Amino acid sequence: MDPVSQAVVGTMAALGSIRRKKTKTTEKESGPSFKAIALWGALGGLAPDLDVLIRSASDPLFHVQFHRHFTHSIFFIPIGALVVSLFLRLFRVPIKRSYLYTFLGYATHGTLDAFTNYGTQLFWPLSDMRVALNGVAVIDPLCTIPLVILVLVAIRLKDIRFNIAAITYLCLFMSLGLYQKQRVTEFLISKSLINNETTRFMVKPTIFNNVVWRSIVLDPSQAKFYAIKSIPFGEIKLYPKYESAKIVKEDEIENLLKHYDSKKFSYDYERFKHFTSGYLHWGKNNTIVDSRYSILPYSSEAMWSVQFHKGPGHVHFNTERAVDVNARKEFLKLLLDF
């Protein structure tokens, strides 16, 4: 999720180790201050995303390969927390004083990311599976803002009850997201959009909300993209527009690679395929498109794609994140009313 969410949830975990209301007197008696614990937890919660610094000037997929990789694994938590505590030692904070709180903060990061749809290698090195529960958008203000308010109040008043309220709210919000996902899935089945011909499907919330959902339904030849609006515990309906695209098949890739000299393209394709969990379709000019993401939930237009080329080296990695005025209006129309 976004850095603010990661920091605040890391803070919540660290503050969760406090058993009673802290005052100036009890802080002197029982160790670190409320603010110190909150800061150390926040730093622990943020630290795994330092993997965004892992990049290569010659390999455009290198950062894609290693984001949400080993730093997000549950097995890396003790090491990652130690790195954060070693950093705090530069500011004369003893490791034994900060480690519990950096550990708790660090431990939240991978699990929180796993609730999104990007994919997180939670169990590396035992497994390279990208865990994606598809229950919450990478950025959702309705998740983050109430948590920030409750945690700030908890720190200001030194009252752990507001932190408990924040933890409760987070659990309820994530549960709501998983409920919404199941509800949309059952709706698609009831409409026969997921049927006996379906080989795979994905249901995921769109950015900033858990009301408008994107569904990718694969059959043996096509990927179909649907937009569904699901008011929690209320109305659910299918947006009339949908798009489809031809899925990428292994024999097509094998035949295409014969026309290129670079030996790296096959490796690059496998990495991109793993990154997308195999959700790939053909785009314009023989681009290989990540089917999971598009600006509009029913669209097949690429946000991320790769493309083979005649030159040496790695594939081209293309990104399209610019949102034009019409797309923004269309998305708001989907969100506010069909």
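Couple of notes before you dig in:
- Counting only heavy atoms of the protein chains and using a 1.4 Å probe, TRP282 has close to 40 Å² of accessible surface.
- Ranking of PHE123, PHE76 by solvent-accessible surface, largest first: PHE123, PHE76 (1.4 Å probe, protein heavy atoms only, all chains present).
- The chain: relative contact order in percent, alpha carbon pairs under 8 Å with at least 6 residues between: 13 percent
- Percent RCO, i.e. relative contact order, over the stretch 84-202, from Cα pairs under 8 Å lying at least 6 residues apart: 15 percent
- The stretch 177-225-the stretch 289-313 distance, computed between alpha-carbon centres (Å): 20 Å
- The HN-Hα couplings worked out from phi for the stretch 111-116 by the Karplus form 6.51 cos²θ - 1.76 cosθ + 1.60 (θ = phi - 60°) are 5, 4, 4, 5, 6, 8 Hz, whole numbers, x standing for Gly and Pro.
- Simple point charges give the picture: +1 on the Cβ of Lys and Arg, -1 on the Cβ of Asp and Glu, and for the chain a dipole about the Cα centre of about 1360 debye.
- Shape category assigned to the chain from the gyration tensor of Cα positions, a/c cut at 1.5: oblate
- Largest accessible area first, the listed residues ARG292, ARG89 line up as ARG89, ARG292 when surface is computed with a 1.4 Å probe on the assembled protein chains.
- Where ARG200, ARG183 fall by accessible area, highest first, once all protein chains stay in place (1.4 Å): ARG200, ARG183
- Exposure of TYR179 as accessible area (Å², to 10), given a probe of 1.4 Å and all protein chains: 90 Å²
- Greater than 30 Å apart at Cα, pairs in LYS181/LYS333; LYS204/LYS249; LYS35/LYS181; LYS224/LYS273: LYS35/LYS181
- With DNA, RNA and ligands ignored, accessible area of THR71 (1.4 Å probe; Å², nearest 10): 20 Å²
- Rounded percent of accessible protein surface that carbon and sulfur make up, the chain, 1.4 Å probe: 62 percent
The values are calculated or read from the model by the stated rules, or taken from the named source; none is laboratory data. This is a predicted model, so every value here is computed, not measured. With ideal geometry, Cβ positions are generated from the backbone for all residues, glycine too; neighbour counts draw on all protein chains shown. We work out accessible area using only protein heavy atoms, side chains counted, and drop any ligands, DNA or RNA first. Shrake-Rupley method; radii C 1.70, N 1.55, O 1.52, S 1.80 Å.
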